[in-house]
Amino acid sequence: MSNLEKYNNAFMECFEISDNQLSELKYQDIQAWDSVGHMGLVAALEDAFDIMMDTDDIIDFSSYEKGKEILTKAEYGVVF
């Protein structure tokens, strides 16, 4: 499974959405992506990529696209 597939699957499983909803998705755009859902997503991504996200990055993780940008930081080493 590619890193993009892992990333997409985390969103789709946590929020019970389809892949065609991902690209424009932003925090609180859907009911499931509230503060509790956000932490569930972070946990799923940390498990999927075997990383531990910094608090600042968790707070800055405000959209599907921003999340990809954050995970490509050198400290996480995720390549999409």
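Each value in this text was obtained by applying a stated rule to the coordinates, not by laboratory testing. Keep in mind that what you see is a predicted model, and the values were worked out from it rather than measured. Cβ placement follows ideal geometry from the backbone for every residue including glycine, while neighbour counts extend to all protein chains displayed.
Values computed for the structure shown
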item	result
Net charge of Cβ neighbours under 13 Å - reference residue 9; Lys, Arg +1; Asp, Glu -1	-4
Contour minus Cα-Cα distance for residue 73 and residue 26 (0.36 nm per residue)	14.9 nm
Helical contribution to [θ] at 222 nm, DSSP H n ≥ 4, -39,500 (n - 2.57), averaged over the chain, rounded to 500	-15500 deg cm²/dmol
Spatial separation of Cα centroids for the range 5-21 and the range 22-66, in angstrom	11
The range 3-71: radius of gyration over Cα atoms, expressed as a fraction of 2.2 N^0.38 Å	0.97
Relative contact order for the chain, counting Cα pairs under 8 Å that sit 6 or more residues apart, in percent	33
